[in-house]
1. Please go through the stretch 241-258 and pick out each residue that is closer than 19 Å to residue 211 by Cα and away from the ligand (no atom under 13 Å from the Cβ).
2. Would you mind telling me which numbered condition in (1) in contact with a strand residue (DSSP E or B) (Cβ under 7 Å, 6 or more places away or on another chain); (2) without any contact (Cβ under 8 Å) to a residue 60 or more places away in the chain; (3) part of a loop (DSSP other than H, G, I, E, B); (4) at negative phi residue 129 fails?
3. Report, by residue number, each residue of the stretch 104-124 that is surrounded by 21 or more Cβ atoms within 10 Å (Cβ to Cβ) and in a helix (DSSP H, G or I).
4. How many residues does the stretch 138-197 hold that are outside any helix (DSSP H, G or I) and within 15 Å of the ligand (Cβ to nearest atom)?
5. When you scan the stretch 186-204, do you find a residue that is modelled with pLDDT of 95 or more, touching a helix residue (DSSP H, G or I) at 6+ places or on another chain (Cβ under 9 Å), loosely packed, with under 14 Cβ neighbours inside 10 Å and closer than 24 Å to residue 115 by Cβ, even just one?
6. State which residue is farthest from the chain's Cα centre (by Cα) when the search covers only the stretch 222-240 and only residues that are crowded, with 18+ Cβ neighbours inside 10 Å, within 12 Å of the ligand (Cβ to nearest atom) and under 16 Å from residue 198 (Cβ atoms).
7. With 29, 7, 81, 38 as the choices, which residue is at pLDDT below 95 and exposed (fewer than 11 other Cβ atoms within 10 Å of the Cβ)?
8. I'd like to know if the stretch 202-221 contains one or more residues that are more than 22 Å from residue 157 (Cα to Cα), within 16 Å of the ligand (Cβ to nearest atom) and in a loop (DSSP other than H, G, I, E, B).
Ligand SMILES: CC(C)(COP(=O)(O)OP(=O)(O)OC[C@H]1O[C@@H](n2cnc3c(N)ncnc32)[C@H](O)[C@@H]1OP(=O)(O)O)[C@@H](O)C(=O)NCCC(=O)NCCS
């Protein structure tokens, strides 16, 4: 395990190519005055409501297009109508959820709502990069809410993550809904993320949102319930054990198994089991 060079806050801001933000809110300083901040917040809420209303409307459209003729067709027979709608309900939900994934990913792409890489954003400033991040999070959360439970861990969910900004190889399975900031994620081939893993491109510390890319190279498995920090690189050929913590800006580049809090190297991949002292040699 190797620690990325440099120390915490200064390094994060240097990476962002920005002057270190002040820790106290200066009047008229970064983020502008209260009025401008209010306008930014109002505009953010308005655009969120409009865009998400359109996205959800587009997602419901194919369902309505199916139900309309169904209702007309069964208008004279209420029993047939109830039966038709009952059988159509669950497939309709799946259709809605799939359309929602694609519509939402398309919308975040068009609007440019993304998490800024390697940034340190002061919450109190409520500046545009922070608000873009908020809008990206909300869009992702709506998809997670309506489609995530149904499709997580499937290729359909991986397709959504890709469309929503993640760079991913083949045979990637993400079985956790606590994976966010998709545009900061880079996964190689044959990556598996276990259930309840927390992996995202942001962390909130001391009133600042800090962001960083997370790179999982090929043949990486992240065990159930693990927490992966920002700026982390894992692999190739690494298994992270269940309930492990990989702290921010750490690289796990030795092939094999890592476990614990923080994660420590346990064994090399395909390492033969250690001989038991005093055991008789195998015949
Ligand atoms: C990490 C893991 C792969 C190790 O499996 P293994 O190589 O067969 O290792 P063992 O089970 O023999 O354990 C070896 C040692 O590591 C310890 N260990 C194993 N998993 C651990 C974990 N998650 N955290 C801390 N210690 C762990 C064991 O207690 C044991 O310690 P000991 O030598 O002091 O007795 C496995 O325990 C694990 O966590 N798998 C999670 C798989 C997963 O979640 N996949 C996600 C998709 S379902």
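1. 247, 248, 249, 250, 251
2. Only one criterion in (1) in contact with a strand residue (DSSP E or B) (Cβ under 7 Å, 6 or more places away or on another chain); (2) without any contact (Cβ under 8 Å) to a residue 60 or more places away in the chain; (3) part of a loop (DSSP other than H, G, I, E, B); (4) at negative phi is unmet by residue 129, namely (3).
3. 104, 105, 108
4. Residues in the stretch 138-197 being outside any helix (DSSP H, G or I) and within 15 Å of the ligand (Cβ to nearest atom): 21 in total.
5. Yes, there is a match, as at least one residue in the stretch 186-204 is modelled with pLDDT of 95 or more, touching a helix residue (DSSP H, G or I) at 6+ places or on another chain (Cβ under 9 Å), loosely packed, with under 14 Cβ neighbours inside 10 Å and closer than 24 Å to residue 115 by Cβ.
6. So, considering only residues that are crowded, with 18+ Cβ neighbours inside 10 Å, within 12 Å of the ligand (Cβ to nearest atom) and under 16 Å from residue 198 (Cβ atoms), the one farthest from the chain's Cα centre (by Cα) is 240.
7. Answer to the check: 7.
8. no
The values are calculated or read from the model by the stated rules, or taken from the named source; none is laboratory data. Remember, it's a predicted structure, so these values are computed and weren't measured experimentally. All Cβ positions, glycine included, derive from the backbone under ideal geometry; neighbour counts span all protein chains shown.
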